[in-house]
Structure formats: C-alpha cells, structure tokens
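K.L.:
This structure is in structure tokens; I'll ask about it shortly.
The values are calculated or read from the model by the stated rules, or taken from the named source; none is laboratory data. Keep in mind it's a predicted model, so treat the numbers as computed, not measured. All Cβ positions, even for glycine, are placed from backbone atoms using ideal geometry, and neighbour counts span all protein chains on display. When the accessible area is computed, the model is the full protein with side chains, heavy atoms only, and any ligands, DNA or RNA have been set aside. Shrake-Rupley method; radii C 1.70, N 1.55, O 1.52, S 1.80 Å.
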Amino acid sequence: MPATPTTDPLQRERDHLAASRSALRAMREDVQSLDLRDVTGTWVSAAVLQNQIEARIAALADLSHTPLFFGRLDYLHVISEELSEGGGGESFYIGRRHVHDADGDPMVIDWRAPVSQPFYRASRTEPLDVERRRRFGYTGGELTAYEDEHLSDPAEADTASALLAAEIEKPRVGPMRDIVATIQPEQDEIVRSDVTGTICVQGAPGTGKTAVGLHRVAYLLYAHRERLARTGTLVIGPNSSFLSYIEQVLPALGELDVAQATVQQLVGHVEVRGEDDPEAARLKGDARMAEVLRRAVRAGIALPTEPCMVVRGSRRWRVPVYELVEIIEELKSREVRYGAARDALPQRIAHAVLLKMEQGGEAPDDRVQDAVARNAAVKAVVKECWPAVDPAKLVLRLLSDPEFLAACAEGVLTPEEQRAVLWPKPGRSVKTARWTQADAVLVDEATDLVQRTPSLGHVVLDEAQDLSPMQYRAVGRRCTTGSATVLGDLAQGTTPWATASWPDALRHLGKPDAHVEELTKGFRVPEEVIAYASRLLPAIAPGLAPATSVRDAPGSLAIRRLADGEAVPAVLAACREALEHEGSTGLIAADARVPMLAEALTAAGLPYLSPGDETSAEARLTLVPASLAKGLEYDYVVLDEPAAVIAGEPDERTGLRRLYVALTRAVSGLTVLHGEPLPEQLR
C-alpha cells in the first residue's frame, strides 16, 4: 500500500529534507559514475575533465551537520512557468546549494539564485510577492522546528524571529561558520554587489563584515563563475591564525577553489628574519617609497656614447648615437615596465638596422630582425644602456648604500628619514640579509616595476585598516584589472601606519572610485559589551559612529578589580566559570603575559589551544595573545589586565585600539580582570 501523506507540517518538512538528501546523493553518484574512457581527445583534455569531475564530486558532498536548506519562500504568484502546476504561487526551499530530483526539478534552490533574494530582502513594507517566509531550526543535522512570517498579512504582528536569534547566538566551537541563514538586508546588498565594482565595508565589531566578504566571494563565483574561474579569486587575511579560522566558510557553501593568503605570503620574494623599529617600518610603508624605488630601478639607464655597428655577412650597418638616444629616450618617456622596455630595446635597434638595410636595397623579413636583435653588438648596447635589474639586489643596495639612497630619495625623503630607513648593518647578500616585513613589500614594488604583477578577477582584503600605503599598493597590483572587497574598521587599526581614512586607503589600492558602505548594527557582540567598548571610540576613532547591537543580553559583562596576588587565581577561576557554559572560551592577554598564563594553565590542568587551532567539544579554551585577537570570536572571553594590553603597544592610541579589539571578541559573555587601573575612558 502506498504511504499515507502526513498532515504534520514538521514531519512533511523532515520528509522533504530526507528526499533532498537522497537527491543530492544521487547527483553525486551520477557524477562518480561518469566514464572518461569514451571521451575523445588528448590525455591533457582527459586530465582536465577528471579534475573538473573530482571538484564537482567534492562540491556535492553532503555535510551531515550542515542543513541542506534553512528556509522556504511561498510566493503569491507563479515565478517560473515551467515549474508551475497551475493554481496559486510557488514554494522554494532555500539552501546552501542547488539540489534537483531525477527529473531535474529543483528541490533546494541555491541561496545565491535571484529567486532566493526575497528571503533576505522581503519585509512587511515590501513583501516582494512573498506570502510566507519560513525559517527552520536544526539540532545537529536534524530539523527540529520551524517559524513562519506571513509577510502579506497585515493582521499578523511584526515580531523578532526566535530561530534567527538562536542561529546568531549558537555556541561557537570549531572554525568560523557561514551566516547564510542569517544574512540581513543591508548585508545582502553588499553580498550581491556587481563584480565590476570595488566596495569598501567599514564595519564595527560584530556586524559580520568578514562573513559578508566571504559570502560575496561565494555569490560572485555563482553569478560570474566562468569569468572568475579564468581570472581567479583571493582572500587576504591579517595572519595565518585568522585564515585558519575562516577557511571552512567557503567550502561549506560549495566553493573550493578560492585561494587564501596573508600580505606577507603575497610578497614572499625574500626570507623575513629581521624586524624594523616602528619609525623605520612606518617610513618604509609610506607611499613616497614608490617614487624612490621607481628612481632606483631606472637609475642604471644610460645614454650611449658610441654608435652600434652590426655586421651581417660582408656588410656593416651603423646606427648612430643620436638614433640610439632617441630610441632610449622614447622608451623612457612611455613609462612602460622596466623589463618590458628592456625586452623592446633590442627589437627597436634591430628595426632601425632593417630600415637601413631596405634603403641599401635588401628585403629583410621578421626573421632577419630577430637575428639582428640577438646580435652581439645590439646586446652590448642593451647591457650598457638598459642593464638587467634584480629587484631584491636593488632594494638590498638601496637600504645599504647611503649615497645610492640619497640620490634616489632626493626631494622625496628628508636626510633624517633616509637615515631611518637605512639598515643599521648593511646586508651582504640577498640570502644573508635580515629582511623585514616592510622590506619584503619594497621588493614586491620593485618586482612590479620590472615586470607587471598578474591581476586576479576579485580580491577580498580583510582587516584592511592595518595596512600601510605600500601594502595597499601590493594588494592593488593583484587586482588591477579586477575588483576588490575591502573590509575593516578604522577603530581597530593597531599598527603605527594604520590608515586614517578609507578614501586614502582606496587611493593607494588603486581603486579611488570604490563605494564605501558602513555597517553599524551588530549581531554578534551583546549590547552591554559593545556599549562598554565604544567608550573608547572618541579617543581612538573620533569620526566613527558607535555600533549598536540587536542582542540585549543582561549580565553579559563583568568587570572585576583584583588585589595584589589575585591575578593568576582569578584568571583560572574565570576560565573554569566560562567553560561551564556551552561553546568556546578565549583567554586574551597582553603578549608579554602569555608565557606566564600558559604556565599557570598547564599547572592547573586546564588544557588550552593556540589561535588557529580548531576548537572541539574536548578542547574549548584558547589562549590568545592580544596581537592575534583581531578577527577571532569566542562565546566567552576572559580579558586579562587591560593596562598590560595598552602598555604592550608603542603609543597610547594604538594600545587603546588593541584593547578595543580585545573587548569586542565575545559573543555571549565578557569578563575583564584588572589589578592595575583601567584607562580613564572605561572607569
């Protein structure tokens, strides 16, 4: 006998989930069963197809604890005629990926599809033809609840979604999760912005700017897959710990081919083994260094003093000095890449020879021109007048040779600034020199002056406020013909060279026309915590509006003054108290105090992780140096000695900004422990 359809709405939704999982499994099995032996073509095409098949299989993986769909839209009218069975509107289940049945009919619609957009944008004032929006609640991978909003019913009260709040507040164990089920209208506008435009998001703590940037990548790959598959996408984060934290977001959305890197990894032409003092680092990151390097790269160009004599068989062809000078001056004036001009120079000289050969009654062709370009006399002119440049050796000389630096920096850097950027001990060779992070960026700039850096289709730059102008230029080189999503918070700038304004940053990035969006509504940090941290804003970022939070969690903030000798016992007690709750706990402390706290945690038998290590049900406590806290989040945070966090920075403003970062990492509760006085803004 056929099964009797259930009248229980929740069970019907569970049945649809089970059927969707079966359909996804069938889709995966269909791909796995493909046989390439009958495919004609070369072994290269067969290998490409095999790689595409393997990527498709991986993208169709069914993650048991990741729901296939999280919502449903019931439209008032038919959206697509081919899916209509007559009468009324249509219903679509909204999920992380598309799933269809054996007949090709959709069972789950990708959240990025146009028909899914009203799930994020529809409201009672603008229902967008949606009669009902249904949200689903899950425990693990099991569907346990649902919640309806009848957007076209004026009689229904407009209440906050309990399931939405529960999803936002869900305890955080493991890497960062996607926010695809909770994207808000203002976030969705940014996510779906056009691929051709660069957008900058100024986002206060807890506003989801990082997640918005990652979901924007996923959306662009959906909407412009062929274009971005050809040109590539890249996510740039502040450090490896941060990249480890976010690395699972895109795979959970079915996107596996997005590269991730730090700025230092991008400019890894030399091994970084040294460290600059703050003033040297600031000056090396100044945009004026680009002009110094441009001059240094071109410093070896010389005008010829002798003609070029090319011997071909029994005849000699002479290119006079004035013609050589004209060729070199013309190449210099075009401002093409140094290496490209050097490659063009022998061809230009050879062309001048060919003109003389034609005037002499010969009929040379392109092969003759190429042969002349390889002639020893022509090579000698190129070597003398436009010598090859090794970017790392050039920067080594620039930072080691005061006279060379003075010649290249005249009128750009003052004598005092020149002395500040010179290495205290000149480097002997590229391999043995104690390169710093700022030096590596200079080498990257010089490398681009010699040979153009390949451009990607789209770059996401997170925690952008901490980049120097020269670092912005390094990132901008990677998207000269593409677009970018720039994410950051001016209040969280914790480097001496942190950007003062987004227009300045975007100009250095090469995207002066980028659109700037501001997110001030927080979804992660409780209102009590963000209000407390925002007391620092007048001192660290006077022009920024304070963030607000949609989450009112009384009791989420505790400030405890400690007597002498209580610091370590209090930290241990606070960590144990936090671990009694579900979710992750972060113990954030000044970098200098981390070894002492690590020893205390070990002695007390409290296992802990380092930033970047994945939390699990068995290991939920992470000891976080304040310098690495940016971008991370924990359900509960214990903040040790704020005064030490401030004192660990070169100046008070940077210290207060570092403290602001540490104060805003908590999702459910923050405990601040201090023996020394708090800064006056927090008293």
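K.L.:
Using 0.36 nm times the number of residues separating D390 and R452, minus their current alpha carbon distance, what extension gain do you get?
P.N.:
Stretched out fully, the D390 to R452 stretch lengthens by 20.9 nm.
K.L.:
Segment 167-313: D in µm²/s via Stokes-Einstein (Kirkwood Rh, Cα pairs, 25 °C, 0.890 mPa s)?
P.N.:
125 µm²/s
K.L.:
Moving on to the next point. What are the ³J(HN,Hα) values, in whole Hz, obtained from phi via the Karplus relation 6.51 cos²θ - 1.76 cosθ + 1.60 with θ = phi - 60°, for each residue of segment 595-611 in sequence order, with x given for Gly and Pro?
P.N.:
Ordered by residue, 3J(HN,Hα) equals x, 5, 5, 4, 5, 5, 4, 5, 5, 7, x, 9, x, 9, 10, 9, x Hz.
K.L.:
Could I ask something else about it? Note down the relative contact order for segment 199-353 as a percent, whole number, built from C-alpha pairs under 8 angstrom at least six residues apart.
P.N.:
Relative contact order, segment 199-353: 13 percent.
K.L.:
Still on this structure, I have one more. Over segment 474-568, what is the relative contact order in whole percent, taking alpha-carbon pairs under 8 Å and six or more residues apart?
P.N.:
That works out to 26 percent.
K.L.:
Convex hull over the alpha-carbon atoms of segment 527-638: what's its volume per residue in Å³?
P.N.:
It is 135 Å³ per residue.
K.L.:
Once amide H atoms are placed 1.01 Å from N in the peptide plane, what residues at a sequence separation of 5 or more from T262, or on another chain, have their amide H within under 5 Å of its amide H?
P.N.:
Placed amide hydrogens put G237 under 5 Å from T262.
K.L.:
Let me ask something else about it. Please report the antiparallel percentage of the DSSP beta bridges confined to the chain, to the nearest 5.
P.N.:
Of those bridges, close to 35 percent are antiparallel.
K.L.:
³J(HN,Hα) across segment 475-484 via Karplus (A = 6.51, B = -1.76, C = 1.60, θ = phi - 60°), whole Hz, x for Gly/Pro?
P.N.:
5, x, 4, 7, 9, 4, 9, x, 10, 9
K.L.:
Across bins of 20 angstrom width beginning at 0, how are the C-alpha pair distances of the chain distributed, in whole percent?
P.N.:
In whole percents, the pair-distance histogram is 15, 40, 30, 13, 2, 0.
K.L.:
Rounded to the nearest Å, what's the spacing between the alpha carbon centres of segment 89-122 and segment 536-561? Just the number, please.
P.N.:
38 Å
K.L.:
Summing Lys, Arg as +1 and Asp, Glu as -1, what charge do residues with Cβ under 10 Å from the Cβ of A629 carry, A629 excluded?
P.N.:
It works out to a net charge of +2.
K.L.:
May I pose another question? Among DSSP beta bridges whose residues both lie in segment 199-340, state the antiparallel percentage, nearest 5.
P.N.:
Restricted to segment 199-340, the bridges split so that about 55 percent are antiparallel.
K.L.:
Okay, moving on. Given a Förster distance of 22 angstrom, what is the FRET efficiency for V31 paired with Q248, based on the Cβ-Cβ distance and rounded to 0.05?
P.N.:
It comes out at approximately 0.45.
K.L.:
Given H placed 1.01 Å from N in the peptide plane, which residues other than close sequence neighbours of L519 have an amide H under 5 Å from its amide H?
P.N.:
Under 5 Å from the amide H of L519 lie the amide H atoms of Q202, G203, A204, each far enough along the sequence or on another chain.
K.L.:
Further question: Regarding segment 290-332, what is the average projected area of its C-alpha convex hull, in nm²?
P.N.:
Result: a mean projected hull area of 3.8 nm².
K.L.:
Quick one: what are the phi-derived ³J(HN,Hα) couplings along segment 558-573, Karplus 6.51/-1.76/1.60 with θ = phi - 60°, whole Hz, x for glycine and proline?
P.N.:
9, 10, 10, 8, 10, 7, 4, x, 8, 4, 5, x, 5, 4, 4, 5
K.L.:
Around A373, what is the net charge, scoring Lys/Arg as +1 and Asp/Glu as -1 over all other residues with Cβ under 13 Å from its Cβ?
P.N.:
+3
K.L.:
Also, quick follow-up: Once neighbouring chains are kept in place and the probe is 1.4 Å, which whole percent of the accessible area of segment 527-683 is contributed by carbon and sulfur?
P.N.:
51 percent
K.L.:
FRET efficiency for R428 and E403, Cβ-Cβ distance as r, R0 = 22 Å, nearest 0.05?
P.N.:
Taking R0 as 22 Å, the efficiency between R428 and E403 is 0.80.
K.L.:
If you don't mind, another one. For every helix of n ≥ 4 consecutive DSSP H residues, a contribution of -39,500 (n - 2.57) applies; sum these over the chain, divide by its total residues, and give [θ] at 222 nm rounded to the nearest 500 deg cm²/dmol.
P.N.:
-12000 deg cm²/dmol
K.L.:
How far is helix 437-450 tilted off the main Cα axis of the chain, in degrees rounded to 10, range 0 to 90?
P.N.:
50 degrees
K.L.:
Here's something else I'd like to know. Let me see the pair-distance distribution of segment 230-277: every alpha carbon pair, 10 Å bin width, integer percents in order.
P.N.:
Percent of pairs per bin, in order: 22, 46, 24, 9, 1.
K.L.:
Report the equivalent ellipsoid semi-axes for segment 353-466 in whole Å, largest first, defined as the square roots of five times the eigenvalues of the gyration tensor built from alpha carbon atoms.
P.N.:
Computed over segment 353-466, the values are 40, 22, 14 Å.
K.L.:
For segment 114-223, which whole-number percentage of the solvent-accessible area (1.4 Å probe, protein heavy atoms only) is attributable to carbon and sulfur atoms?
P.N.:
Here carbon and sulfur together make up 52 percent of the probe-accessible area.
K.L.:
Related question: Starting from 0.36 nm per residue, how many nanometres of slack lie between H150 and D370 once their C-alpha separation is accounted for?
P.N.:
The span from H150 to D370 would gain 71.7 nm if fully extended.
K.L.:
Another question, then. Counting Lys and Arg as +1 and Asp and Glu as -1, what is the net charge of the other residues whose Cβ lies under 9 Å from the Cβ of K284?
P.N.:
Summing Lys/Arg as +1 and Asp/Glu as -1 gives -2.
K.L.:
A further question follows. Equivalent-ellipsoid semi-axes (√(5λ), Cα gyration tensor) for segment 599-647, whole Å, largest first?
P.N.:
Whole-Å semi-axes of the equivalent ellipsoid: 19, 15, 9.
K.L.:
Right, here's the next one. Cα-based Rg (one decimal) and Dmax (whole number) for segment 269-362, in Å?
P.N.:
20.3, 67
K.L.:
Considering Cα pairs under 8 angstrom that are at least six residues apart, work out the relative contact order of the chain and quote it in whole percent.
P.N.:
Computed value for the chain: 13 percent relative contact order.
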